[in-house]
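Following: one structure in structure tokens, then a few remarks.
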Amino acid sequence: MALQDAYTRIGYINPNATTTSLYLRHRIGNDPNRESWIYYYEPNNNDVVSLPRLPIRIERSGVGNRDYWYMNVETNRGVFRIADNFYCSFSSSDQNTNRCTVDMPAMKFRMYFYKPDGSPGSSGCTKSITF
């Protein structure tokens with residue numbers, strides 16, 4: 001199956017620290033030649049941040065094309081990330097839009113998918129954020 005345009009949104013919650021950077025990377029099949037780097041930096045706003053849609057590319061055709069995600073946040077309290085090789089993929093019934101939420105107080109990275117009508121899509125995923 002050919003690559004398709006898709007979009008992700010990021011919600012960021014971190015009221016207790018000063019953020020210096022947030023990185024989010026998306027890869028198809030964890031292949032470095034098929035990745036979308038998404039970088040976001042906002043040093044003066046540590047409450048809830050919602051970004052506009054950011055473009056990524058997806059391919060829905062089997063295990064070799066899982067959507068892999070990597071997240072890294074640098075704050076005045078340290079560097080936080082999710083584990084390598086974390087994947088959470090768009091299903092065939094999902095629209096080409098998802099949302100990632102980085103919730104620092106809860107130490108959780110959550111991925112949500114949506115159907116074409118905007119209703120909740122596949123189950124999504126949650127991963128712990130580590131220091």
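Taken together, the values in this text are just the output of simple stated rules run on the coordinates, not laboratory data. What you see is a predicted model; the values in this text were computed from it and never measured. Note: ideal-geometry Cβ built from the backbone for every residue, glycine included; neighbour counts use all protein chains shown.
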Net lengthening on full extension, S21/D84 (0.36 nm per residue, minus Cα-Cα): 20.8 nm
Packing-based ranking, highest mean first, of 77-83, 29-35 given that Cβ atoms within 10 Å are counted: 77-83, 29-35
Sites K115 and R77 - FRET efficiency at Förster radius 41 Å, r taken between beta-carbons, to 0.05: 0.65
Estimated inter-spin distance, Q95 and M107, nm [label 7 Å along Cα→Cβ]: 3.5
